[in-house]
């Protein structure tokens with residue numbers, strides 16, 4: 001069911017759809033469907049989105065929204081991203097309630113991964129968000 005007034009779909013620029021399928025399918029288990037030569041749709045198991053053919057890159061420095069994944073094991077997810085060809089552009093850092101890092105996918109789009117696990121002196125289950 002589509003929920004009213006909720007983020008429902010997200011799109012990223014990409015020049016090489018095969019590379020996006022390999023990276024996101026391998027790291028995050030996304031599935032894909034082509035819609036012509038200029039569009040590749042994906043499903044992450046909960047949300048749909050797509051890649052549109054473009055040389056542009058979505059980065060926070062250029063004003064793009066930052067899409068952030070959640071992971072229980074931040075270091076394992078980071079290792080998987082790097083092994084698949086992603087590049088860490090902001091190393092792991094702590095913030096109130098969690099830790100995260102930013103990465104560039106093989107096209108150069110910037111995304112991030114956060115976790116509430118592994119905080120110095122805290123356990124993720126004990127954290128509360130208002």
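Numbers at a glance
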item: Segment 83-98, residues that are at pLDDT 95 or above and over 23 Å from residue 10 (Cβ atoms); result: 83, 91, 92, 93, 94
item: Some residue of segment 84-105 being touching a helix residue (DSSP H, G or I) at 6+ places or on another chain (Cβ under 7 Å), surrounded by 11 or more Cβ atoms within 10 Å (Cβ to Cβ), in a strand (DSSP E or B) and free of Cβ contacts under 8 Å to residues at least 24 places away in the same chain; result: yes
item: Filter pass, residue 76 being at pLDDT below 95, part of a helix (DSSP H, G or I) and surrounded by fewer than 16 Cβ atoms within 10 Å (Cβ to Cβ); result: no
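The values are calculated or read from the model by the stated rules, or taken from the named source; none is laboratory data. What you see is a predicted model; the values in this text were computed from it and never measured. Glycine gets a Cβ as well: all are built from the backbone with ideal geometry, and neighbour counts include every protein chain shown.
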